[in-house]
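Some notes on the structure that comes next.
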Amino acid sequence: MSKVFAVYGASGCGRSLMPVAVDQLQRIDDQENSQIVFIDDALDEDANVNGYTAMNYAKFKNINSDDKLVLIAIANSSIREKIAEQLVQDGISLWTVKGTTTLIMDAVSIAAGAALSPFVTIAANVTIGKCFHANLYSYVEHDCVIGDYVTFAPRVSCNGNIHIHDHAYIGTGAVIKQGTPDKPLIIGKGAIVGMGAVVTKDVPAGAVVVGNPARPLNK
């Protein structure tokens, strides 16, 4: 059978990324020889979501095709990781999707499964891990290193020489101050940077920071 592409998740994130994915297929793939669907594990039977067929993962896995690619459009990074591991186990490829207005500069390495929304910019000499989500109007400046399953909400400003570790979440409109080559600013594993925060120093692993300048959230 032909290639089968899927957007895993039919909630807000997936519904926003589906048009980006379809546009990419129109640009680079012969649509007559491929199909695209939603995967939604809440479904017992097929449904229609914004004009596209939605099915559960078990049915998708049983489609007769040796060439399946999946974009995981799930905001929760831990769930994203579990799904990615299942896809690899089942021999299904992670799919990277980017908008026509996404700009990627020189010497950039992006691992499989990225979701790069319209108007995202990735500047020069940046390394990004698996299943990165960069939402509308976000940017990553030069010489940054981003781990696996990192999520940027819309309009994140990630300036140069910043290291963001696995599973970190950066909220809408957050600004991260530029580091230096000898001392990059570090956002630790699983850290959460709140909406509109201005990060001026390292954020420890697992911390939640908010405000301007960003400070740990009192519990």
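General remarks:
- The residues in the range 84-118 that are surrounded by fewer than 22 Cβ atoms within 10 Å (Cβ to Cβ) and in contact with a Phe, Trp or Tyr (Cβ under 6 Å, 6 or more places away or on another chain) can be counted, and the count is 1.
- Applying the criterion of at least 1 residues that are within 20 Å of residue 20 (Cβ to Cβ) and open to solvent by 50 Å² or more (accessible area, probe 1.4 Å) to the strands (runs of 3 or more DSSP E) found wholly in the range 121-219 leaves an empty list.
- Residue match in the range 53-73 (condition: touching a residue at least 12 places away in the same chain (Cβ under 8 Å), under 17 Å from residue 115 (Cβ atoms) and open to solvent by 40 Å² or more (accessible area, probe 1.4 Å)): no
- Residue in the range 55-71 that is in contact with a strand residue (DSSP E or B) (Cβ under 9 Å, 6 or more places away or on another chain), of a type in the set (Lys, Arg) and within 30 Å of residue 171 (Cβ to Cβ) present: no
The values are calculated or read from the model by the stated rules, or taken from the named source; none is laboratory data. Here the structure is a predicted model, which is why all the values come from computation and not from measurement. All Cβ positions, glycine included, derive from the backbone under ideal geometry; neighbour counts span all protein chains shown. In case anyone asks, the SASA skips ligands and DNA or RNA and just uses the protein heavy atoms, side chains included. Shrake-Rupley method; radii C 1.70, N 1.55, O 1.52, S 1.80 Å.
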